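Trainee: One structure coming up, written as structure tokens, with questions to follow.
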Amino acid sequence: MVDKEEKKATKGAGIEKLGQPENSNIKNVVAVMSGKGGVGKSSVSALLAVALTRQGFNVGLLDADITGPSIPKLLGLNGQTKMTNEKMIPTASKLGIKVMSLNLLLPNEEEPVIWRGPLIGGAVKQFWTDVLWGDLDYMIVDLPPGTGDSPLTVLQSLPLSGLVIVSSPQDLAVMVVKKAIKMARMMNTPIIGLVENMSGLICPHCGKEIEMFGKSQADEVAATTGVRLLGRIPLDSELSRLGDSGDLESYQFTIFDNISDLINKPL
């Protein structure tokens, strides 16, 4: 009974894939998804965009987490989005990543967004259709957590190349990420791979790895689900500091060095 209802809910009757935005050409669209909040999905989205930009690609970052937008904060962006001919102009980061987020439309970034599902879904679509993205090699979409209306809207309406799924070592996060993987497969959305965030802490004094949230389960999840493991991101005070100061683009990392090859080879 539950499976039948799930399938009916995810079919999305009447929802069609959106075409290219006006005056834009976006070659690859990658959504970053997590089954639950608090696993660092937005940080992974930003790092993915940074890695692709460093590799010489033109990259956009669509913050679809409408009620909890954090991308502008991570990249040090503020001020309201400019308009031209009733179209929004994305704000460029220091590295040139084109960003659109609801926080760039609010007069005060601390203003809460108290919207129901249909309004949130509509805003996500507008961030695709009503923004002058221009020519992009990659668009990264930071999804809200969970498997509700907003992630469903993106999976059903945007022309996705694939999903990157974010988890953490806790049993609860692993259980929920398996739901996200199941949802993606029910939607016939390709999965590029899994990232385990907050995977251990290297002690700055002795160099020993501390399993703050339990033993890594990334290999086991990859083996049981058939999802490629892209890598692990440890807890790092430098990453946290740079994110809080709006300078995430300065963080040095290697986890996504070959991501452009993998995006075109989802499992």
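Trainee: Taking N as the number of residues in region 130-267, what is its Cα Rg relative to 2.2 N^0.38 Å? Before the final figure, lay out the partial values.
Mentor: Working: Rg = 16.3 Å, N = 138, 2.2 N^0.38 = 14.3 Å.
Against the empirical 2.2 N^0.38 Å value, I get 1.14 for region 130-267.
Trainee: Can you flag which of 36/98; 41/179; 73/178; 73/179; 94/265 are past 21 Å Cα-Cα?
Mentor: Details: 36/98 26 Å; 41/179 16 Å; 73/178 29 Å; 73/179 29 Å; 94/265 30 Å.
Table pairs above 21 Å Cα-Cα are 36/98; 73/178; 73/179; 94/265.
Trainee: Taking amide H positions as placed 1.01 Å from N in the peptide plane, with prolines and chain starts having none, which residues 5 or more places from residue 29, or on another chain, fall under 5 Å of its amide H?
Mentor: So residue 29 has HN proximity to 139, 161, 162.
Trainee: Can you give the local net charge around residue 65? Use residues other than it whose beta-carbon is closer than 12 angstrom to its beta-carbon, Lys and Arg +1, Asp and Glu -1. Mind showing how you got there, number by number?
Mentor: Working: positive: 41, 73; negative: 63, 142.
Net local charge, residue 65 excluded: 0.
Trainee: Something else about it: Tell me which residues come under 5 Å, amide H to amide H, from residue 213 once H is placed; ignore anything under 5 positions away on its chain.
Mentor: 200
Trainee: Ok, one more. Which whole-number percentage describes the relative contact order of the chain, with Cα contacts under 8 Å and a sequence gap of 6 or more?
Mentor: On the way: 534 pairs, mean separation 69.4, N = 267.
Relative contact order here is 26 percent.
Trainee: Still on this model: At 7 Å along Cα-to-Cβ for each site, give me the label-to-label distance between residue 215 and residue 186 in nm.
Mentor: Result for the modelled spin labels: 3.2 nm.
Trainee: Could you run the Karplus curve 6.51 cos²θ - 1.76 cosθ + 1.60 with θ = phi - 60° over region 183-189 and give me ³J(HN,Hα) per residue in whole Hz, x for Gly and Pro?
Mentor: Residue by residue, region 183-189 yields 4, 4, 6, 5, 8, 6, 9 Hz.
Trainee: For residue 260, project a label point 7 Å along Cα to C-beta. Then give me every residue of region 74-95 with its amide nitrogen under 18 Å of that point.
Mentor: 95
Trainee: Hey, another quick one. Could you please report the charge total around residue 76, scoring K, R as +1 and D, E as -1 over all other residues with beta-carbon less than 10 angstrom from its beta-carbon?
Mentor: That sum, taken over residues with Cβ under 10 Å, equals 0.
Trainee: Additional query: Taking region 14-47, which trypsin sites (Lys or Arg not before Pro) meet the DSSP loop condition and have no more than 15 other C-beta atoms within 10 Å?
Mentor: Numbers: sites: 17, 27, 36, 41; in loops: 17, 36.
Those satisfying the criteria are 17.
Trainee: Could you derive backbone 3J(HN,Hα) for region 169-177 from the dihedral phi with the Karplus parameters 6.51, -1.76 and 1.60 (θ = phi - 60°), listing whole Hz in sequence and x where the residue is Gly or Pro?
Mentor: The phi angles translate into x, 4, 4, 4, 5, 5, 4, 6, 5 Hz.
Trainee: Quick one: Kirkwood hydrodynamic radius for the chain, alpha-carbon pairs, angstrom, one decimal? Spell out each step's value before the answer.
Mentor: Numbers: mean 1/r = 0.0532 Å⁻¹.
By the Kirkwood definition, the hydrodynamic radius is 18.8 Å.
Trainee: Let me check against my output: what whole-number percent is the relative contact order of region 151-210, with C-alpha pairs under 8 Å and at least 6 apart?
Mentor: 37
Trainee: Can you compute 3J(HN,Hα) from phi for each residue in region 150-158, using the Karplus curve 6.51 cos²θ - 1.76 cosθ + 1.60 with θ = phi - 60°, rounded to whole Hz and x for Gly and Pro?
Mentor: 5, x, 5, 4, 5, 4, 8, 10, 8
Trainee: How many nm is it between the label spots at residue 223 and residue 92, if each spot is 7 Å from the Cα in line with the beta carbon?
Mentor: Output for this residue pair reads 4.8 nm.
Trainee: Of all DSSP beta bridges in the chain, what percent run antiparallel (nearest 5)?
Mentor: Numbers: 7 of 38 bridges.
The antiparallel proportion sits near 20 percent.
Trainee: Amide H neighbours of residue 131 under 5 Å, at least 5 residues apart or on other chains, H built in the peptide plane: list them.
Mentor: 88
None of the figures in this text is laboratory data; all of them are computed from the coordinates on show. Worth saying up front: this structure is predicted, and the values here are computed from it rather than measured. Note: ideal-geometry Cβ built from the backbone for every residue, glycine included; neighbour counts use all protein chains shown.
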